[in-house]
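What follows is a single structure, written as structure tokens, with notes after it.
What follows is calculated from the coordinates using simple rules that are stated; it is not laboratory data. These numbers come from a predicted model, not from an experiment. Note that we place each Cβ from the backbone using ideal geometry, even for glycine, and neighbour counts take in every protein chain shown.
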């Protein structure tokens, strides 16, 4: 608990929500299906629940940031997601915005300045 009323975990969850789109887009320069995407994110320190990931992927596809294609190479058919051309441009813009925001936050949080 932070002040007795708001659990710290909830605040951390709110911070993560703001970066999930950029985190997901960062891993989709090559086609991936949900399970491998979850693994890639978790291995890099950004675990994500299935119940969060799959609705997010559908929303990003509806926004035309991703394309998807069903493939049945080995085992059951899987839907592979990849950045669309528009998604790649948005990813670049969000990466720039994130860099600026991170710089500002570092200045705000640095108590030595």
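Output the relative contact order of the chain, whole-number percent, from Cα pairs under 8 angstrom with separation of 6+ residues.
On the way: 91 pairs, mean separation 26.2, N = 113.
23 percent.
If I fit a long axis through the Cα atoms of helix 85-109 and take the longest principal axis of the Cα atoms of the chain, what angle between them do I get, 0 to 90°, rounded to 10?
20
Taking neighbour counts of Cβ atoms within 10 Å as a proxy for exposure, in what order, fewest first, do 24, 104, 90, 19 appear? Write down the numbers at each step before the final one.
On the way: 24 25, 104 10, 90 19, 19 14.
The most exposed by this proxy come first: 104, 19, 90, 24.
Given the -39500 (n - 2.57) contribution per DSSP H run of 4+ residues, what per-residue ellipticity at 222 nm results for the chain, rounded to the nearest 500 deg cm²/dmol? Display every interim value, and only then the final one.
On the way: 5 runs with 65 residues, N = 113.
Calculated mean residue ellipticity at 222 nm is -18000 deg cm²/dmol.
What's the angle, to the nearest 10 degrees (0 to 90), between helix 34-43's Cα axis and the longest principal axis of the chain?
Tilt relative to the chain: about 30 degrees.
Average the reciprocal distances over every distinct pair of alpha-carbons in the chain, invert the result, and give the Kirkwood radius in Å.
Numbers: mean 1/r = 0.0632 Å⁻¹.
Computed over Cα pairs of the chain, the Kirkwood hydrodynamic radius comes out at 15.8 Å.
Measure nothing fancy, just the Cα-based angle from helix 50-62's long axis to the longest principal axis of the chain, in degrees from 0 to 90, nearest 10.
The angle comes out near 70 degrees.
Determine the gain in length on full extension of the stretch residue 35-residue 109; use 0.36 nm per residue of separation and subtract their C-alpha separation, reporting nm with one decimal. Let's see the in-between values first.
Values: separation 74, 0.36 × 74 = 26.64 nm, distance 3.54 nm.
Result for the pair: 23.1 nm of gain on full extension.
Note the full-extension length gain between residue 71 and residue 92 as 0.36 nm times their separation in residues minus their Cα-Cα distance, in nm to one decimal. The partial results should precede the final answer.
On the way: separation 21, 0.36 × 21 = 7.56 nm, distance 2.77 nm.
Length gained, residue 71 through residue 92: 4.8 nm.
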